[in-house]
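The values are calculated or read from the model by the stated rules, or taken from the named source; none is laboratory data. Computed from a predicted model, the values in this text were never measured in an experiment. Ideal geometry is used to build each Cβ from the backbone, glycine not excepted, and the neighbour counts take in all protein chains shown.
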Amino acid sequence: MKSALVVLVLVLSAACSAQAAPAATQADGEIEKGGISPFDNDHPAIRNLDPALRDAVRQAAKEAKATRGIDAKITSGWRSRQYQQRLLDEAVEKYGSLDEARKFVNTPEKSTHVNGKAVDIGPTDAADWFSRKAAAYGLCQIYSNEMWHIELATTPGGECPPMLSNAAAG
């Protein structure tokens, strides 16, 4: 009985001392709900994007606003490896397995957000506009299950590559 009690105390002690992963911060690329302007040069999620992607997104956002009155926001841009891992861990918890989670969140090693080569666009009307019209700027929807995930994947005015079914397919 005494040894069982000691084991219980050790287990509880270890559980209490284990720290949860720190919350993502703006320095990790976290963006507040609702998104930010693609012109926000001060935010790391925008500042750390590949310059060609950032420029193309800004040009497309200007056209969306001018032609349709759509105010495109970046809901996710560049992310630190730690932030990407946290998103993946949360997705595993939500979907119950790494295989299911990977359909929506890539590993830090495979995520194009981590190397500044992807943005997520919002709100829905802006994501829809980008998925239909932004190829004029070389921007393409990459995954059929994520209309908001946009990458620079063709030349301006070119044809976008066929969409992948989800992030795990790439």
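Observations, loosely collected:
- Counted residues, the range 85-98 - those being buried (at least 20 other Cβ atoms within 10 Å of the Cβ) and of a type in the set (S, T, N, Q): 0
- Filtered residues of the range 47-98 (kept if within 18 Å of the chain's Cα centre (by Cα) and basic (Lys, Arg)): ARG47, ARG54, ARG58, LYS73, ARG79, ARG81, ARG86, LYS94
- 2 or more residues basic (Lys, Arg) and either at pLDDT 95 or above or closer than 21 Å to SER165 by Cα (or both): qualifying helices (runs of 4 or more DSSP H) within the range 41-154: 51-68, 81-95, 124-133
- Screening LEU98, LEU87 for residues that are of a type in the set (A, V, I, L, M) and closer than 13 Å to ALA24 by Cβ leaves exactly one candidate, LEU87.
- Of all residues in the range 124-139, those that are surrounded by 21 or more Cβ atoms within 10 Å (Cβ to Cβ) and in contact with a helix residue (DSSP H, G or I) (Cβ under 9 Å, 6 or more places away or on another chain) total 6.
- Selection of the range 101-120 for residues being within 22 Å of ASP28 (Cα to Cα) and touching a residue at least 60 places away in the same chain (Cβ under 8 Å) yields ARG102, PHE104, VAL105, ASN106, LYS110, HIS113, ASN115, GLY116, LYS117, ALA118, VAL119.
- If you go through the range 99-119 and keep only what is buried (at least 20 other Cβ atoms within 10 Å of the Cβ) and in contact with a strand residue (DSSP E or B) (Cβ under 7 Å, 6 or more places away or on another chain), you end up with THR112, HIS113, ALA118, VAL119.
- For ARG81, the conditions (1) in contact with a Lys or Arg (Cβ under 8 Å, 6 or more places away or on another chain); (2) surrounded by fewer than 18 Cβ atoms within 10 Å (Cβ to Cβ) all hold with the exception of (1).
- Residue check for LYS62: within 24 Å of ASP28 (Cβ to Cβ) and not hydrophobic (A, V, I, L, M, F, W, C): no
- Pairing residues of the range 124-140 that are at positive phi and of a type outside the set (Gly, Ala, Ser) with residues that are buried (at least 23 other Cβ atoms within 10 Å of the Cβ) and in a strand (DSSP E or B), at Cβ distances under 7 Å and at least 6 apart in sequence or on separate chains, gives no pairs at all.
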